[in-house]
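See structure below.
The values are calculated or read from the model by the stated rules, or taken from the named source; none is laboratory data. These figures come from a predicted structure and were not determined experimentally. Every residue, glycine as well, gets a Cβ built from its backbone with ideal geometry; the counts of neighbours run over all protein chains shown.
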Amino acid sequence: MASPPDLDQAVDMYMDHLRLVLGRSENTVRAYSADLRAACEGLDGVEGFTLDHCRDVLDWAVEAGHSATSVARMVSSLRGFGGYLARQGWVGTNPAAPLRAPKTDRHLPRVLKADGAREMLDAAAQAAGETDDPVPTRDWAMLELLYATGVRVSELVGVDLDDVDTGERTVRVTGKGGKTRVVPFGPSTATALRAWIDARPRLSGPSSGPALFLGVRGGRIDPRQVRTVVRTATAAAGGPTLSPHGIRHSTATAVLEGGADLRIVQELLGHSSMATTQIYTHVGTERLKAVYRQAHPRSGATD
């Protein structure tokens, strides 16, 4: 298999392919480029461009309130790029080939509101306290850390024990391109993390290494296991069923609606570009429109 370039270079090369070989319009190239750069954000190489990752990206697009047309175009972008990677010999087969556009609607972006987050985390804490099984304690700590920090699922699974300081209430995460950042969290997250660190030896084994979060076989937890935990927990909380991307989106929305500057959110989320962060302002705007339509006598809304 040929040695692949980094993902940014691969996207650039695919854009040239669209222009020069397939003769696509500049508008199409720009749209595909935006889709793929958003999809590849947080990945270190083509090995991270998996079917699971692509499905997470589409879940996020639906949760973020993108139109059916935009989501369908994103499917085309991902499938086309995956095929290009395979033809170049950088991946074995097109990982995005099985993708189909998930159902979308015109409702507000699906985020976990503050009361829903509280219910989810309280339920996780209660489940952890009702058993000696370390897995519910692990899940509680993961959910707390995801919601408190908005880290990507790839960053969460990469956290090691010495990346966490429960005294200072910070976690060091490694994002795209090996860039590290330190993200703060609150006292409830520190409590959950201490409980998990105490329980972790009951799940650890020879393959555990320094990983903070472990799978049921004792190795570093897999992103698919995290996705399952998040979907189960959010569904049980009575709100929308979300992926880890949805939790990240919920965190960004909560921080923005709490009055944080957009640049603070950019730093919190580890975005290299402000343009990526600005997608999160969409939620506040849409919610404002919804309230206006419901409350203003001249909004044009009908009963």
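General observations
- Unique residue being over 14 Å from the mean Cα position of the chain (by Cα), surrounded by fewer than 18 Cβ atoms within 10 Å (Cβ to Cβ) and under 24 Å from Gly258 (Cβ atoms) when the list is Glu144, Glu168: Glu168
The rows are residues; the columns are (1) of a type in the set (Gly, Ala, Ser); (2) over 25 Å from Lys179 (Cβ atoms); (3) in contact with a strand residue (DSSP E or B) (Cβ under 6 Å, 6 or more places away or on another chain); (4) in contact (Cβ under 8 Å) with a residue 24 or more places away in the chain.
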| site | (1), (2), (3), (4) |
| --- | --- |
| Val11 | no, no, no, yes |
| Leu20 | no, yes, no, no |
| Leu36 | no, no, no, yes |
| Glu41 | no, no, no, yes |
| Leu58 | no, yes, no, yes |
| Ala68 | yes, yes, no, yes |
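- Those residues of region 175-195 which are free of Cβ contacts under 8 Å to residues at least 60 places away in the same chain and either surrounded by fewer than 18 Cβ atoms within 10 Å (Cβ to Cβ) or closer than 19 Å to Gly270 by Cβ (or both), in sequence order: Thr180, Val182, Pro184, Phe185, Gly186, Pro187, Thr189, Thr191, Arg194
- Filtering region 175-196 to residues that are under 20 Å from the mean Cα position of the chain (by Cα), of a type outside the set (Gly, Ala, Ser) and more than 25 Å from Val111 (Cα to Cα) leaves Lys179, Thr180.
- For beta carbons closer than 6 Å, sequence separation of 6+ or different chains, a first residue in region 111-140 that is assigned by TED's automatic domain parsing to the domain that holds Arg220 and a second that is surrounded by fewer than 18 Cβ atoms within 10 Å (Cβ to Cβ), the qualifying pairs are Pro134/Arg202; Pro136/Ala127.
- Here the helices (runs of 4 or more DSSP H) wholly within region 172-265 that include at least 1 residues being at pLDDT 90 or above are 187-199, 223-236.
- Test: residue in region 196-206 that is free of Cβ contacts under 8 Å to residues at least 60 places away in the same chain and buried (at least 20 other Cβ atoms within 10 Å of the Cβ): no
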